[in-house]
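The values are calculated or read from the model by the stated rules, or taken from the named source; none is laboratory data. The structure displayed is predicted, hence computed values, not measured ones. Cβ sites come from the backbone with ideal geometry, for glycine too, and all protein chains shown count toward neighbours.
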Amino acid sequence: MKRTSYNRNDPPYSLHDMNITDFEIDGDRLTIKTQSGMVKTKSPYSQVDGYIELNGIDWDFCYAYIFDGFTGNIGAFSGKKMFLKDFIENYFKDGNAGFSVMDENFGFNTLCITGYLSKKGFFGECTVEINCGEIVYCEDANEDDRPMKEIILSADGERTLYSVPADVADNLEEHCIKFATEYVWHGPNAKFLRLCGNQYVAMFDDKDFIDYLNEELFPQMRSKKIETVGFFDDGIPSKYKNIPWFNF
């Protein structure tokens, strides 16, 4: 038997606990805007300003399900199903509605958003079903838009402060894991692999990760060491406590 596991619910941002205040229609594109942006799904799970664009909408297969009142977890319910365009026209055109998101689910070509709809005294469960193609998360620029940022990497008992491209700092765990699980094992010349007995092991450290950034990912934005900031037995100095950190 062949078993294949695949997690489709792995978006870079989430609308969980966000309040949708507007759906903007432009042809086959739908823009979803919230009261307070969206949340990154990677540690430290920061909340950022931004919105979502859904492209390639097939409006004939987009619906909204509205339950009459708050129904709780189980039990009988009543309500109505309507085309998504009609839902937007009836509830969001005047700007006085809110859709508090509880969850998002991603199918083959469908995004389902569940939550609670409120408008002029009405409050009830709601599900929006959107048949779409590409989903684009648009994060607004903020005051910290530096091209290079600082991170701390740990390896071989030493903690080191580096300057790296902002994309690396903002998604440090993702970049480090991809380096350690993909590039180290499948990169050119197998330079990190050593034969120990009858099996291969990988040997690398933080300096190899920095070389990987400079040679493979960001050759025009050179990462570099700034200083050693401590060892495993030491605490990270307080001035660095909010800097992204990863231990190899």
Residue within the range 75-89 that is more than 15 Å from residue 124 (Cβ to Cβ), of a type outside the set (Val, Ile, Thr) and within 17 Å of the chain's Cα centre (by Cα) present: no
Give 95, 69, 75, 124 a once-over and let me know the one that is assigned to a loop (DSSP other than H, G, I, E, B) and within 20 Å of residue 34 (Cα to Cα). 95
Read through the list (1) more than 30 Å from residue 229 (Cβ to Cβ); (2) surrounded by 18 or more Cβ atoms within 10 Å (Cβ to Cβ); (3) not assigned by TED's automatic domain parsing to the domain that holds residue 65, then give the number of the only condition that residue 125 fails. (3)
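Has the range 52-65 got at least one residue that is in contact with a Pro (Cβ under 9 Å, 6 or more places away or on another chain) and under 30 Å from residue 178 (Cα atoms)? Please lay out each step first, then the result.
Taking the range 52-65 and keeping what is in contact with a Pro (Cβ under 9 Å, 6 or more places away or on another chain), we get none.
So far as the range 52-65 goes, no, none of its residues is in contact with a Pro (Cβ under 9 Å, 6 or more places away or on another chain) and under 30 Å from residue 178 (Cα atoms).
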Could you grab the pairs with beta carbons closer than 9 Å, sequence gap of 6+ or different chains, first residue in the range 154-170 and assigned by TED's automatic domain parsing to the domain that holds residue 230 and under 11 Å from residue 245 (Cβ atoms), second one at pLDDT below 90 and assigned to a helix (DSSP H, G or I)? 159/240; 161/240
Before we move on, is residue 181 over 24 Å from residue 231 (Cα atoms) and among the β-branched types (Val, Ile, Thr)? yes
Within the range 14-54, how many residues turn out to be in contact (Cβ under 8 Å) with a residue 60 or more places away in the chain, touching a helix residue (DSSP H, G or I) at 6+ places or on another chain (Cβ under 8 Å), more than 30 Å from residue 245 (Cα to Cα) and in a loop (DSSP other than H, G, I, E, B)? 0
Are any of the residues in the range 105-116 assigned by TED's automatic domain parsing to the domain that holds residue 23, touching a Lys or Arg at 6+ places or on another chain (Cβ under 8 Å), part of a strand (DSSP E or B) and surrounded by 19 or more Cβ atoms within 10 Å (Cβ to Cβ)? no
